[in-house]
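Asker: Sharing a structure, written as structure tokens. Questions coming.
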Amino acid sequence: MPDERAERVAQLVARLRVEPGSKVRLDRDFDPRDKVGLKKKDSAALLGAGVALLADYQQRLAAQDTYGVLLCLQALDAGGKDGTIRHVMSGVNPQGVRVSSFKVPSVEELDHDYLWRYAQRLPERGDIAIFNRSHYEEVLVVRVHPELLVRQKLPAEARGGDIWERRYREINDWERHLTDNGFKVVKVFLNLSKEEQRTRFLKRLDLPDKNWKFSAADVRERRYWDDYQRAFSEMLSATSTRWAPWYVVPADRKWCARICTAAVLAHTLMDIDPRYPEVDEATRKKLFAARRKLEREAPKGTPPDPYAARHPAETGKKSGKKKRR
Ligand code: ATP
Ligand code: MG
């Protein structure tokens with residue numbers, strides 16, 4: 001991969017990263033309409049290049065089978081999580097990616113500690129897991145609606161003190177544990193403005209084939225807009241860490257959100273730089289013996305190695321051309 005492209009990705013991603021240890025406020029520090037230096041007319045080509053890059057890296061990640069990647073996507077309703085996942089992951093092998101959506105917890109899930117259900121959906125080595133909503137709901141919706149905390153049946157001592165500070169610490173520790181064991185955690189917040197959310201809700205009412213997406217509950221949740229902004233700001237400040245940083249992606253323009261998310265994921269994979277496993281000497285000998293055996297089986301009139309005969313430049317073999325007499 002050309003270094004120039006890697007450099008561009010790194011620069012874009014650096015603009016979106018929440019500096020670990022910094023105290024941020026959404027309304028003051030981030031503009032949902034920002035284009036972060038991108039142009040719409042270039043967007044299709046850029047996203048296409050990003051998608052191809054991700055496909056290549058994902059193949060290598062799977063072949064190496066050492067690291068896993070967890071991408072957490074958070075947004076307010078109509079923030080564009082689904083469309084972002086669909087577009088960004090459109091080129092990768094579905095066998096190497098698992099998307100998990102987290103909704104209101106089930107009775108079984110509420111019978112466990114609050115991280116339990118997320119731990120069930122972590123990636124295997126070689127895989128990319130995407131959390132559509134994530135363990136961060138536990139310090140967002142649960143914080144904005146304290147009655148949800150009551151349903152979690154916590155013992156008194158686990159409800160005392162500053163529960164949110166404690167959850168931030170526990171989440172940071174959990175992500176640190178994952179990172180130290182080869183699972184990179186990367187977190188994207190799709191930052192939507194209140195006015196763009198209103199427009200998108202209305203679009204769902206205006207267009208008959210979008211009606212199914214409309215939810216009256218989502219509109220009611222707008223009443224808590226400011227509470228969510230505060231909860232997001234505190235969460236970003238407390239849980240953007242060196243090992244698992246947050247990226248705030250401007251989301252009022254879908255094309256921009258998709259390119260930025262692809263860049264964040266690509267950057268994470270570039271950092272891992274997965275390699276195809278090297279073949280050792282003993283294995284190389286076995287491969288050579290297998291080759292000889294297969295070549296001897298060539299029917300009369302066909303080259304010993306038809307693939308090498310067709311692709312001499314790729315395989316560096318000349319002998320493949322000789323036909324068997
Ligand atoms: P979409 O609407 O695009 O299909 P969604 O992620 O909004 O996707 P919904 O089924 O509409 O899915 O909503 C899921 C709901 O579950 C959200 O309102 C979210 O706040 C809620 N939720 C997620 N995690 C928790 C949790 N731990 N406790 C309580 N509610 C949660
Ligand atoms: Mg919803």
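The values are calculated or read from the model by the stated rules, or taken from the named source; none is laboratory data. Quick caveat: nothing in here was measured; it's all calculated off a predicted structure. Using ideal geometry, Cβ is built from the backbone for each residue, glycine included, and neighbour counts are taken over all protein chains shown. These area figures cover heavy atoms from the full protein model, side chains too; ligands, DNA and RNA do not enter into them. Shrake-Rupley method; radii C 1.70, N 1.55, O 1.52, S 1.80 Å.
Asker: Give me D for the chain in µm² s⁻¹, whole number, from Stokes-Einstein with Rh from the Kirkwood sum over alpha-carbon pairs, 25 °C and 0.890 mPa s.
Answerer: Numbers: Rh = 22.4 Å.
Translational D for this selection: 110 µm²/s.
Asker: Now a separate question. Provide Phe214, Phe30, Phe131 ordered by accessible surface of protein heavy atoms (probe 1.4 Å), highest first. Before the final figure, lay out the partial values.
Answerer: Working: Phe214 65, Phe30 40, Phe131 0 Å².
Output order, biggest surface exposure first: Phe214, Phe30, Phe131.
Asker: Quick one: putting +1 on the C-beta of Lys and Arg, -1 on the C-beta of Asp and Glu, what dipole do you get for the chain around its Cα centre, in Debye to the nearest 20? Numbers along the way, then the final one.
Answerer: Numbers: 63 positive and 48 negative charges, 437 e Å.
Using only the charged Cβ atoms, the result is roughly 2100 debye.
Asker: Moving on. Going toward the positive end of the dipole of segment 1-125, with +1 on Lys and Arg Cβ and -1 on Asp and Glu Cβ, which of Val36, Leu76, Val107 do you reach last?
Answerer: Value computed over the given set: Val36.
Asker: Would you kindly compute the Cα radius of gyration of segment 1-111 and its largest Cα-Cα separation (Dmax), both in Å?
Answerer: Using the Cα atoms of segment 1-111, the pair Rg, Dmax is 17.0, 51 Å.
Asker: Oh, and also: If I compute solvent accessible area with a 1.4 Å probe over the protein chains, what percent of it on segment 76-173 is carbon and sulfur?
Answerer: 50
Asker: Calculate I(q)/I(0) for segment 63-160 by the Debye formula, one identical point scatterer on each C-alpha and no solvent, and give its log10 at q = 0.10, 0.15, 0.19, 0.20 Å⁻¹ to two decimals.
Answerer: -0.34, -0.69, -0.97, -1.04
Asker: Using the scaling law 2.2 N^0.38 Å as the reference, what is the normalised Cα Rg of segment 281-321?
Answerer: Details: Rg = 10.9 Å, N = 41, 2.2 N^0.38 = 9.0 Å.
Against the empirical 2.2 N^0.38 Å value, I get 1.21 for segment 281-321.
Asker: As a quick test, which of the pairs Lys39/Lys213; Lys103/Lys153; Lys35/Lys187; Lys103/Lys187; Lys81/Lys153 have an alpha carbon distance above 27 angstrom in this structure? Provide the component values of the computation, followed by the final result.
Answerer: Values: Lys39/Lys213 29 Å; Lys103/Lys153 18 Å; Lys35/Lys187 19 Å; Lys103/Lys187 18 Å; Lys81/Lys153 30 Å.
From the list (Lys39/Lys213; Lys103/Lys153; Lys35/Lys187; Lys103/Lys187; Lys81/Lys153), the Cα-Cα distance tops 27 Å for Lys39/Lys213; Lys81/Lys153.
Asker: Okay, next question. Taking H as built 1.01 Å from N, whose amide H comes closer than 5 Å to the amide H of Lys187, not counting residues under 5 places away?
Answerer: Cys72, Tyr247
Asker: Which one, His135, Tyr168, Thr261, projects farthest toward the positive side of the charge dipole computed for segment 2-272 from Cβ point charges (K/R +1, D/E -1)?
Answerer: After comparing all options, I get Thr261.
Asker: While we're here: Using helices alone, what [θ] at 222 nm do you get for the chain, with -39,500 (n - 2.57) per DSSP H run of 4 or more residues, divided over all residues and rounded to the nearest 500?
Answerer: Working: 17 runs with 165 residues, N = 325.
Only helices count here, giving -14500 deg cm²/dmol.
Asker: Rounded to the nearest 10 Å², what accessible area does Leu287 have for a 1.4 Å probe in the complete protein model?
Answerer: In the full protein context, Leu287 sits at about 100 Å².
Asker: Something else about it: What list of ³J(HN,Hα) couplings, whole Hz, do you get for segment 119-128 from phi and the Karplus terms 6.51, -1.76, 1.60, once you set θ to phi - 60° and write x for glycine and proline?
Answerer: 5, 5, 10, 5, x, 7, 4, x, 10, 10
Asker: Using the alpha-carbon centroid of each, what span in Å lies between segment 257-286 and segment 157-203?
Answerer: 27
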